[in-house]
Amino acid sequence: MSTTLNIRRPFARARGARRVSGERADIGERRSARDRARRESAASDGRHTPVLASELLHALAPARGGARPGSVAIDCTFGDGGHARLVAERLGTSGTLIAIDRDPHAETRARELESEVACSVRFIRSGYAEALALLAEEGIEADAAYFDLGMSSAQLDARERGFSYSYDAPLDMRMDPGLPLSARDIVAEWDERRLAHALREYGEERHASAIAREIVRRRARAPIATTLELVDAIAAAIPAPARFAGGHPAKRSFQALRIAVNDELAQLDRALPLAWSLLRRDGVLAAISFHSLEDRRVKRFLADRARGCICPPELPVCACGKEPEAELLGRRALAPTTDEVERNPRAASARLRAAQKLVPAGGAAR
Ligand SMILES: C[S@@+](CC[C@H](N)C(=O)[O-])C[C@H]1O[C@@H](n2cnc3c(N)ncnc32)[C@H](O)[C@@H]1O
């Protein structure tokens, strides 16, 4: 845990508020709608375009609970603060946004956001699994917790960080530059079997064995130190007809390395139950995933919570007594509209799932 930034700005909005009447009230309303639109588009202009933003806000605001004035919301993947800014605006002066990210750039963004919103903002720079465990120890109770998984546009676009197969840069891919293992270390040190396993498991790469073999062959001659050296090795290992069949030939291997470097799936497996445990009754957990490895985990986690009796079907009466502790907000994952994908092609694979916490009959509310 490197930094905790705890900022309180009580009544910042309330001080500027004034009663107006008649036409002036209309003008005021029009102005505030225009300001709101400007702020919402500032969240998407020039910086990062938050994906499925209106769908996430809708999921976080069911009839009761969720992100509303006075509530506590946890943004587990703050990034550029695109979603956080929109959520913070719904929390009012008495609400609290707890923002988590392991990337130091996110901390700078959190400081900027602090001056733009009325609610309290607390930033924790850490892996979200560790940060949520800390919040649980502190006894924090939340009304909303959400994840926007994977890397941010800022990380992808910062060439020198080595996340992208489109630019030549040192192989790195660490979201937190303090993490012990970089993509270069993995490519240099893991044996062929382990490399192939990671490429297959985390990238769902059909040519994992051939790519691992090629990496090992090349690194015996000279270290693979940059993104384009790795792209070259991957492309050479994939049979020519398959090379561009499913998008860029290095896409799946880069995803696999990024997941391995940042231990993304283990973080998610630890974080989901922690985030759920922090929610009050009627609180909402939501997650935006970008590939099936993440989405499957979120789907299974929420479905398990929404399931009641788990007795074998042959039992005539329930013996387990298990009650559902979640209500799924929608049976299926939400996907972006074609309009959103046209505006922001990076949103194409995004899927949103959410559930609201119920208190099982006889169970205790937090
Ligand atoms: C897709 S971006 C989030 C973008 C953000 N919702 C926005 O609108 O600007 C994902 C962010 O989560 C962070 N992240 C990913 N895995 C993490 C983890 N295990 N712990 C903490 N932060 C993580 C990344 O550093 C990145 O900044």
Test for Thr77: is it surrounded by fewer than 24 Cβ atoms within 10 Å (Cβ to Cβ) and β-branched (Val, Ile, Thr):
no
Among Pro273, Pro345, Pro313, which is the only one that is farther than 30 Å from Arg252 by Cα and in the same structural domain as Leu97 (by TED's automatic domain parsing)?
Pro313
Can you pull out every residue in the range 300-327 that is closer than 19 Å to Tyr128 by Cα and more than 16 Å from the ligand (Cβ to nearest atom)?
Leu302
For Tyr165, are the conditions met, namely being surrounded by 17 or more Cβ atoms within 10 Å (Cβ to Cβ), in the same structural domain as Ala188 (by TED's automatic domain parsing) and among the aromatic types (Phe, Trp, Tyr)?
yes
Test for Leu56: is it closer than 21 Å to Lys357 by Cα, touching a helix residue (DSSP H, G or I) at 6+ places or on another chain (Cβ under 7 Å) and within 15 Å of the ligand (Cβ to nearest atom):
yes
Selection count where residues are free of Cβ contacts under 8 Å to residues at least 60 places away in the same chain and not in a loop (DSSP other than H, G, I, E, B), scope the range 48-71:
4
Consider Ala220 carefully, then state whether it is farther than 30 Å from Pro62 by Cα and surrounded by fewer than 18 Cβ atoms within 10 Å (Cβ to Cβ).
yes
For the structure I just gave you, tell me whether Ile140 is of a type in the set (Val, Ile, Thr) and in contact with a Lys or Arg (Cβ under 9 Å, 6 or more places away or on another chain).
no
Quick count over the range 194-237, residues being closer than 27 Å to Ala158 by Cβ and not small (Gly, Ala, Ser), is 20
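The values are calculated or read from the model by the stated rules, or taken from the named source; none is laboratory data. Worth saying up front: this structure is predicted, and the values here are computed from it rather than measured. We place every Cβ from the backbone using ideal geometry, glycine too, and count neighbours over all the protein chains shown.
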